[in-house]
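The next block holds one structure in the form of structure tokens; read it before the comments.
The values are calculated or read from the model by the stated rules, or taken from the named source; none is laboratory data. In this text the structure is predicted, and so the values were computed from the model without any measurement. Heads up, the Cβs are rebuilt from the backbone with ideal geometry, glycines too, and the neighbour counts pull from every protein chain shown.
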Amino acid sequence: MSTFKITFAGGAQMPTGSNFLVEFGGKKILIDCGLVQGEKYSVPINNAPFTYDPKSVDVLFITHAHLDHVGRIPRLVRDGFRGQIISTEPTREMAELIMLDSMGILGKEAAHDGLPMLYEEKDVLESMHLWGTTLTYEKPFTIKTNDGDAVITLHDAGHILGSSIVEIAYKGKKLAFTGDLGNTPSPLMRDTTPLKDIDYLVIESVYGDRNHKDKDKRIEIFKEAVVSTVAKGGTVLIPAFSIERTQEMLLAFNELVESKQIPEIPVYLNSPLGINITKIYKKYDSWFNENIESVIKSGDDIFAFKGLIQTPTPEASKAINGDNRPKVIIAGSGMSNGGRILHHEAKYLPDPNSTIIIVGYMAVGTIGRHIVDEEKEVYIHGNPIPLRARVVNIHGFSAHKDSEHLVEFVGSTASTLKKVIVVLGEPKSTYFLGQRIHETYDVPVSVPEKGDVMELD
């Protein structure tokens, strides 16, 4: 009889839609319950019924608060889930904001496609009611099963604030789900906690087939893009996820402005969610790496600087495009598949004096991916928009480990591994990483497809 049974309900050979069902000792637990994202904020597949009975799930563990890991939780609750939801405290706080904020875009897309709303506000509120338990890193959590106790431990994934690796220890075997693993080094977060004595590892692969070549030069590339654009009188656009990437951008501008490496220009943070998430980051500043902690202790507000303008209201947002000065606009969504950034892209992408800086992963089918691929035009709100602005793609700002560091991460527990299972990536990167891990450590590797079921001894 197998120790663990895993159903790959989402996140297999795709970078979004993380959703893994694990069965052991008569218990059913989920790892993540996220949205599949693509050309739209939420693709129609998210309205499909779950491939398992939500009522039968005992506990849901959340690795981190990005929408592709939490975005279907309210739908799970709407369909009958009444078990515990468990994560770190920052993940819980940010997930609530993320789920409530996304309802606006989800509602517009549902109306446009003639689909029912994925969930309602009451479903979010019920989700938060079930989310009563939070854990700190390395604090064991016990689940009683039909055949002894299972011990769940969260480790620091280093991806975003509160992000976790979920480790399950049961009947002498250890199974770990990485969620998303943080880039090394991160400007803000501590490095990923190495694993040990793991038997089965389920690992992400977003950048499994490439390395962040510009990692050490990211600030220089970033600075040059801003300075050159300002000199031409243009506008700098930065599509940024509200969690982590927005805060990293504020940190970068804080350092560059205070050291006078860039001129003092208006820097608009045009994201109500980003503004509120930044408040949570400030609340949990003890979770940052040692370098940032020392900067904070010196009295520096790392997320504030001269020229920063926050625009929480729709009126303030609309007024930005009337500001003809050289400026920077930071706005969501991070993949340009919704949100306020679209209005600015429609105005400034045709401008050869302007620049769009790409500082994160862009999924296939998103407007952000079309921009990264430097297509001649992109479609925004159904209208063709010529792409004449300069495109600067800085891989080094990614919050994901690259191929080299993913392989290195496996090494900390390679001697005990019986199998590595590669998920959360496009097929090309998933298979490439799997092959690299197999060749490096001579360990069996599997690349499951969505819907696959795997039994582990």
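Below are the figures for this structure:
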{"item": "Test: residue in the stretch 55-74 that is among the basic types (Lys, Arg), crowded, with 22+ Cβ neighbours inside 10 Å and at pLDDT 95 or above", "result": "yes"}
{"item": "Residue match in the stretch 191-205 (condition: outside any loop (DSSP other than H, G, I, E, B) and within 22 Å of His344 (Cα to Cα))", "result": "no"}
{"item": "Residue ID - surrounded by the most Cβ atoms within 10 Å (Cβ to Cβ), chosen from residues in the stretch 1-40 that are more than 21 Å from Gly208 (Cβ to Cβ) and among the acidic types (Asp, Glu)", "result": "Glu23"}
{"item": "Residue match in the stretch 243-250 (condition: free of Cβ contacts under 8 Å to residues at least 24 places away in the same chain and either in contact with a Leu (Cβ under 7 Å, 6 or more places away or on another chain) or under 25 Å from Gly104 (Cα atoms) (or both))", "result": "no"}
{"item": "Residue within the stretch 260-277 that is over 18 Å from the mean Cα position of the chain (by Cα) and of a type in the set (Ser, Thr, Tyr) present", "result": "yes"}
{"item": "Number of the condition not met by Lys55 [criteria: (1) farther than 15 Å from Asp32 by Cα; (2) touching a Pro at 6+ places or on another chain (Cβ under 7 Å)]", "result": "(2)"}
{"item": "Within the stretch 218-331, helices (runs of 4 or more DSSP H) holding 1 or more residues that are surrounded by 19 or more Cβ atoms within 10 Å (Cβ to Cβ) and among the acidic types (Asp, Glu)", "result": "245-258"}
{"item": "Boolean, Thr178 is over 23 Å from Met99 (Cα atoms), buried (at least 22 other Cβ atoms within 10 Å of the Cβ) and of a type outside the set (Asp, Glu)", "result": "no"}
{"item": "Residue, nearest to Arg436 (Cα to Cα), within the stretch 189-221, restricted to residues that are touching a strand residue (DSSP E or B) at 6+ places or on another chain (Cβ under 8 Å) and among the aliphatic types (A, V, I, L, M)", "result": "Ile203"}
